[in-house]
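Since the structure comes first, as structure tokens, the remarks are kept for the end.
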Amino acid sequence: MQENTGQDFCAQAKGPREYGKAQTPTDNAFKESNMALWGGRFSQGADSRFKQFNDSLRFDYRLAEQDIQGSMAWAKALVKVGVLTADEQGKLQQAMEVLLASVQQDPQQILSSDAEDIHSWVESQLIAAVGDLGKKLHTGRSRNDQVATDLKLWCKAQGELLLGSITALQQGLVASARANQAAVLPGYTHLQRAQPVTFAHWALAYVEMLERDYSRLQDALKRLDTSPLGCGALAGTAYAIDREALALDMGFGGATRNSLDSVSDRDHVVELMHVASLSMTHLSRFAEDLIFYNTGEAGFVELSDAVTSGSSLMPQKKNPDALELIRGKTGRVVGAQMGMLMSLKALPLAYNKDMQEDKEGLFDALDTWHDCLDMAALVLIDLKVNGERTMAAAQGGYANATELADYLVAKGIPFREAHHIVGETVVFAISVGRPLEELSIGEFQRFSPVIEFDVYPNLELEATLAKRVTKGGVAREQVEAALTAAEAWLAKRG
């Protein structure tokens, strides 16, 4: 198909001038068609300030493809109920295909229009292309069910893209885990060194978080997979439209069941924002971990030059801006969700103009989430793990204290008493400036006479890891099993 711009698409459409009223989509042509949507009740035009306040084209232009897709399906449905002939539907289809190609080539062209919203813009373009035939397309349809349908179609498309980005980040984490599988680093609670873990185990923790995000997004997409088209303004359409067939034609799983609910339902918007908010919270934690690991004080990792920036004053600085922005943008996404909930609070049935507030927040939240998923994956590329620093940190901080307590339990001492003995031993080790494994047997026996030379193998770092053999633990074989399993199901997902 020949590529067209918004200005010449009408001239490229084949056959519309048979109707005798096709015209170039000038401002006057638009105003005439726009007034036809709702202007008959009014004797004067809207104040320009109100128009600017009320119009939504500046953001809902992003629904152009979905609006055209829904209009194509609606035209076919109108043939079945005798509103359009097959020939008329064919001409509309042809014009809409040309318009769709034009929009896909240059979506920004829409913004030069004075249209109220994307529905008005598409209709005006069709009227300009095929004359009065374009005015028949809206028969039995309301902008209420039209926008609800457009938005669900957009959410379905965006959801698939986001599923792909989640998977890509998981694959990046798995690849980084595999490349740095030998690295041992301290695990933390309360930002205090707790017990040693491996870098691979750390990376796989975020794979698990993202897998829950993936599952939640899938669930949300299943629930929104119903079409509101044919519900009219609020009470349904007077034409015997087969709404199930119409829904399937647009790629939905089925049609909604209640017209009042259908045109006023924005649960899917809130759900997607919630999934985005929770996933962004996971990304923020990921960012915070790496920001800390990247500090000079820790020195566990070095971020690539590709995702860091410098200081305008201090030449030595290498700032983790990509990660800090991920952390910062989390509040923006969560705020959008809260704003949407407040917009919906106490709205009476059915449609209210408040619902126009659904799009800007949703668009921004999902765009931001998508960008941050992609940026997090980029951060992992060329991420360098300093194994020597991570190992030294894991060996410090008395992270093997629990192993000493378990050793005492194996000698018959109740755990609570063993816990107290080890606490006293750690205080002593700190006072002499030595790790537990460097204390002498005499020093150990100051706190418990049951401690013998067989304590030392239990205090080695690898022994500490090896004991965590339960499913999900940090033992080398458990991490390898988890890593292999993740590689397998991610490869299957594609």
Being part of a strand (DSSP E or B) and modelled with pLDDT of 95 or more is the filter; apply it to segment 293-312 and report the residue that is most open to solvent (accessible area, probe 1.4 Å). Glu302
State all residues of segment 337-380 that are of a type in the set (A, V, I, L, M, F, W, C), surrounded by 18 or more Cβ atoms within 10 Å (Cβ to Cβ) and under 20 Å from Ser262 (Cβ atoms); if no residue qualifies, say none. Met340, Leu344, Ala350, Met355, Leu362
Find the residue count for segment 78-111, including only residues that are over 11 Å from Ala64 (Cα atoms), in contact with a helix residue (DSSP H, G or I) (Cβ under 7 Å, 6 or more places away or on another chain) and of a type in the set (Gly, Ala, Ser). 2
For Ala287, indicate whether it is over 30 Å from Thr330 (Cα atoms) and assigned to a helix (DSSP H, G or I). no
Need pairs with beta-carbon distance below 8 Å; first residue farther than 15 Å from Asp249 by Cα and of a type in the set (Gly, Ala, Ser) and within segment 140-158, second assigned to a helix (DSSP H, G or I) and open to solvent by 10 Å² or more (accessible area, probe 1.4 Å); sequence gap 6+ or separate chains. Ala157/Gln66
Here the qualifying pairs (Cβ atoms under 6 Å; residues six or more apart or on different chains; first in segment 376-399 and within 18 Å of Arg178 (Cβ to Cβ); second open to solvent by 60 Å² or more (accessible area, probe 1.4 Å)) come out as Lys384/Glu302
Taking Asp145 as meeting all but one of (1) within 19 Å of Leu78 (Cα to Cα); (2) part of a helix (DSSP H, G or I); (3) out of contact with any Gly (no Cβ under 7 Å at 6 or more places or on another chain), write down the number of the exception. (3)
Which residue, of Leu465, Leu461, Leu483, Leu490, is farther than 30 Å from Leu161 by Cα and surrounded by 18 or more Cβ atoms within 10 Å (Cβ to Cβ)? Leu465
Only unsatisfied item for Gly82, checking (1) in contact (Cβ under 8 Å) with a residue 40 or more places away in the chain; (2) part of a loop (DSSP other than H, G, I, E, B), is (1)
Extreme residue, farthest from the chain's Cα centre (by Cα), among residues of segment 429-444 that are buried (at least 16 other Cβ atoms within 10 Å of the Cβ) and either hydrophobic (A, V, I, L, M, F, W, C) or under 20 Å from His190 (Cβ atoms) (or both): Phe444
Within segment 101-137, can you find the residues that are without any contact (Cβ under 8 Å) to a residue 60 or more places away in the chain, open to solvent by 30 Å² or more (accessible area, probe 1.4 Å) and closer than 29 Å to Leu234 by Cβ? Lys136
Would you check if there is a residue in segment 407-427 being within 26 Å of Ala183 (Cβ to Cβ) and open to solvent by 80 Å² or more (accessible area, probe 1.4 Å)? no
Could you say which residue among Phe453, Phe447 is part of a loop (DSSP other than H, G, I, E, B), among the hydrophobic types (A, V, I, L, M, F, W, C) and open to solvent by 70 Å² or more (accessible area, probe 1.4 Å)? Phe453
Which condition does Pro186 not pass, out of (1) of a type outside the set (S, T, N, Q); (2) in contact with a Pro (Cβ under 7 Å, 6 or more places away or on another chain); (3) part of a helix (DSSP H, G or I); (4) surrounded by fewer than 23 Cβ atoms within 10 Å (Cβ to Cβ), if it passes all the others? (3)
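The values are calculated or read from the model by the stated rules, or taken from the named source; none is laboratory data. All figures in this text were calculated on a predicted structure; none of them were measured in a lab. No Cβ is skipped: glycine too gets one built from the backbone with ideal geometry, and neighbour counts run over all protein chains shown. Ligands, DNA and RNA are stripped out before the accessible areas are found, and what is left, the full protein with its side chains, is counted by its heavy atoms. Shrake-Rupley method; radii C 1.70, N 1.55, O 1.52, S 1.80 Å.
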